[in-house]
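A.B. asks: Dumping the structure here so I can ask a few things about it.
Where a number appears in this text, it was derived from the coordinates with a stated rule and is not lab data. Given the structure is predicted, the values throughout are model-derived calculations rather than measurements. Here the Cβ is made from the backbone with ideal geometry for all residues, glycine too, and neighbour counts use every protein chain on show.
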Amino acid sequence: MSLTLFEKIWQSHLILSGKSQPDLLYVDRIFLHERTGSFALKSLKDRGLRVKNPKHVFATMDHIVDTFPGRGDETLMPGGKKFIQTMRELANEFGITLFDINDPRHGISHLISAEQGIALPGNIVICPDSHTCTLGALGAIGWGVGSSDCEHALATSSLAGNKPKQMQIIFSGELNEGVNAKDMMLHLMEKYSVSGGAGYAIEFSGDTIDNLPLENRFTLCNMAVEFSAFTGIIAPDQKVFDYLKDRPYSPNKTWTETIDYWKSLHSDENAIFDKVIEIDASQIYPSVSWGLSPEQSIPIDGSIPNLHEISNPDKKEELESSLKYMGLKSGQSLMHLPIDAAFIGSCTNARLDDLRSAAKILKGNKVSGDVLAICTPASATVKRNAEKEGIDQIFKDAGFEWREPGCSLCFYAGGEGFLPEQRVITSTNRNFRGRQGPGVRSHLASPATVAASAIAGKITSSKEVMKK
């Protein structure tokens, strides 16, 4: 029977077929972070259980830690120090690998899973974090789970789940100048809503994807969860193989045999998808969100939808609520809308290529005096490599704060955030109420658009800044 890539991996990990119950699957790798992972380990300890395979479990500090240079266990988040220290104690007690705050391999979980070669093509990798789907860019099933499911997997190396339906999203054609994966996903959600992928595992394919740099593929899969998908995945190719070669946890001793297997990881020619979406990449433009959901996005030179053009009363009420919170009007253009802050960071858009694209805009320019600009590279490795290339100096010369890796300015949990009613253009993945702090108005965009807007002091395109 012809199978999709997702189905091949799912089937190869099947321990028991559920029939009327969920399937039981083997889990290759488990990744924890201090906010939710510490709960799972604490519960395991309280029940007198052990981790079944400690060598396959990894942890990091990313959600609760501050990003200020010279940081330690102290954090602005109330009770945050306890999360950090509990994770450290339990990781040591259970014998799992911890990438601690000052570890040179430290960073956001989804970044270092890939950087270290922990997540590999054909794997099932779980983490109690919804953006685990990022790892689909390697040809793995990245599965975001809850703490209780994570606890079960820690104790048994298995997890029960219902196999989702299959969706193929085909991007065809050449991307316009200045367009990257962030714009692709904002375009997708604008057209098909944030619930368009609900109940599906999505495979991204097409010649646009083939030509997309691997770091952009991570962004694409990362935001599959914003489309409400179970996960996103892309068939591994030579870009993936080259990326994983000689990584610390890659199977370097059996590389040739492993590559042969990885090359088989693609959907069969006659595989049946439950739904197919085709998108002309030439119709995608640099985009920015205007509301409280990624689907409330428009091309940067477009206009917010008009209320009188919306017949659905629920949709109209949603739009009105978003506009009120964001301090905007229907039909308004976002171009040249003044901003208070600019942020480049998160598991979505803070890889080396993201920082390079922003540095290209920032070089020789200065951030507007009215704008607070902050960059948090996604991992210590990304930060080090950026500093080797002099990217940090470009950011600092332009007026950006150059910070440590972490989720804090993307994920507000009582720690650091922006101020109420501040308008922030951000490379992060979510823009709901309070995501970056109570009352903060977040506009999602690519790193290049964030950099250009920081310079202008208002929302603008990279093209506008570069032509000056």
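A.B. asks: In the chain, which whole DSSP H runs stretch at least 18 Å along their own axis (Cα) and average -1.0 or higher on the Kyte-Doolittle scale? Please list the in-between numbers first.
C.D. replies: Details: long enough: 80-94 (21 Å, -0.65); 313-326 (20 Å, -1.48).
Both cut-offs are met by 80-94.
A.B. asks: Apply 1/(1 + (r/R0)^6) to the Cβ-Cβ distance of residue 384 and residue 191, taking R0 = 41 Å, and write down the FRET efficiency to the nearest 0.05. Provide the component values of the computation, followed by the final result.
C.D. replies: Numbers: r = 39 Å, r/R0 = 0.94.
That pair, residue 384 with residue 191, gives E of 0.60.
A.B. asks: Nearest 0.05, what FRET efficiency do residue 172 and residue 263 give at R0 = 25 Å with Cβ-Cβ as r? Could you put the intermediate results ahead of the total?
C.D. replies: On the way: r = 23 Å, r/R0 = 0.93.
Working from the Cβ atoms, E equals 0.60.
A.B. asks: Just to be sure I understand the model, the point goes 7 Å from the Cα along the line to the Cβ. What's the resulting residue 155 to residue 24 distance in nm?
C.D. replies: Simple spin-label model gives 1.3 nm for this pair.
A.B. asks: Can you pull out the trypsin sites (Lys or Arg not before Pro) in region 295-373 that DSSP calls coil and that have at most 14 other Cβ atoms within 10 Å?
C.D. replies: On the way: sites: 315, 316, 324, 329, 351, 356, 360, 363, 366; in loops: 329, 351, 363, 366.
The qualifying sites are 329, 366.
A.B. asks: Taking amide H atoms as placed 1.01 Å from N in the peptide plane, list the residues 5 or more away in sequence, or in a different chain, whose amide H sits under 5 Å from that of residue 97.
C.D. replies: 57, 59
A.B. asks: Please give the calculated 222 nm ellipticity per residue for the chain, where each DSSP H segment of at least 4 residues contributes -39500 (n - 2.57) and the sum is spread over every residue; nearest 500 deg cm²/dmol? Display every interim value, and only then the final one.
C.D. replies: Values: 16 runs with 148 residues, N = 468.
The per-residue figure over the chain is -9000 deg cm²/dmol.
A.B. asks: While we're here: Based only on Cα atoms, what mean projected area does the convex hull of the chain have, in nm²?
C.D. replies: Numbers: hull surface 88.6 nm².
Average projection, Cα convex hull of the chain: 22.1 nm².
A.B. asks: Relative contact order (percent) for region 252-386, with alpha-carbon contacts under 8 angstrom and 6 or more residues of separation?
C.D. replies: Numbers: 103 pairs, mean separation 23.7, N = 135.
Once normalised by length, the contact order is 18 percent.
A.B. asks: I've got another one for you. Sorting 90, 214, 419 on the 10 Å Cβ count, fewest up front, what's the list?
C.D. replies: Numbers: 90 22, 214 19, 419 14.
Placing the least packed residue first, the sequence is 419, 214, 90.
A.B. asks: Further, regarding this structure: Give the residue list of trypsin sites (Lys or Arg not before Pro) in region 238-267 that are DSSP loop and have at most 12 other beta-carbon atoms within 10 angstrom. Walk me through the intermediate numbers first.
C.D. replies: Details: sites: 239, 245, 253, 263; in loops: 245, 263.
Those satisfying the criteria are 245.
A.B. asks: Determine the gain in length on full extension of the stretch residue 274-residue 148; use 0.36 nm per residue of separation and subtract their C-alpha separation, reporting nm with one decimal. Can you show the working numbers first?
C.D. replies: Working: separation 126, 0.36 × 126 = 45.36 nm, distance 3.02 nm.
Fully extending the segment from residue 274 to residue 148 adds 42.3 nm.
A.B. asks: Stretch residue 363-residue 238 to full length: gain in nm at 0.36 nm per residue minus the Cα-Cα span?
C.D. replies: Length gained between residue 363 and residue 238: 41.8 nm.
A.B. asks: Which order results if 254, 75, 381 are arranged by neighbouring Cβ count within 10 Å, fewest first? Working shown, then result.
C.D. replies: Details: 254 10, 75 24, 381 20.
Going from sparsest to densest Cβ surroundings: 254, 381, 75.
A.B. asks: Sticking with this one: Work out the count of Lys pairs in region 275-403 where the Cα-Cα distance is under 18 Å, with the pair 8 or more places apart or on different chains.
C.D. replies: Counting lysine pairs in region 275-403 gives 13.
A.B. asks: Using only the C-alpha atoms of region 357-455, find the volume of their convex hull and express it per residue in Å³. List each step's numbers first, then the result.
C.D. replies: Values: hull volume 8.5 nm³, N = 99.
Residue-normalised Cα hull volume stands at 86 Å³.
A.B. asks: Given an 8 Å cut-off on Cα distances and at least 6 residues of separation, report the relative contact order of the chain as a percent.
C.D. replies: On the way: 1109 pairs, mean separation 80.3, N = 468.
Here the relative contact order equals 17 percent.
A.B. asks: Counting other Cβ atoms within 10 Å, which trypsin sites (Lys or Arg not before Pro) in region 1-67 have at most 15 and lie in a DSSP loop? Intermediate values should be presented prior to the final figure.
C.D. replies: Values: sites: 8, 19, 29, 35, 42, 45, 47, 50, 52, 55; in loops: 19, 35, 47, 50, 52.
Those satisfying the criteria are 19, 47, 50, 52.
A.B. asks: Pairs of Cα atoms under 8 Å, at least six residues apart: use those to get the relative contact order of region 288-466, whole percent.
C.D. replies: Details: 385 pairs, mean separation 49.3, N = 179.
Relative CO of region 288-466 lands at 28 percent.
A.B. asks: Related question: Ignoring GluC sites (Glu not before Pro) that are buried or in helix or strand per DSSP, and keeping those with at most 15 other beta carbon atoms within 10 Å, what is the longest stretch of the chain between them? Before the final figure, lay out each step's value.
C.D. replies: Working: sites that count: 74, 174, 177, 269, 389, 421.
That would be 270-388.
A.B. asks: Residue 55 versus residue 1, label points 7 Å from Cα toward the beta carbon: distance in nm?
C.D. replies: Once both label points are built, they end up 3.4 nm from each other.
A.B. asks: Here's a follow-up. At 0.36 nm per residue, and after removing the present C-alpha to C-alpha distance, how many nm does the segment from residue 318 to residue 466 gain when stretched out fully?
C.D. replies: On the way: separation 148, 0.36 × 148 = 53.28 nm, distance 3.61 nm.
Extra length from residue 318 to residue 466 when fully extended: 49.7 nm.
A.B. asks: Please rank 449, 134, fewest neighbouring Cβ atoms within 10 Å first, as an exposure proxy.
C.D. replies: Values: 449 31, 134 34.
Starting with the residue having the fewest Cβ neighbours, the order is 449, 134.
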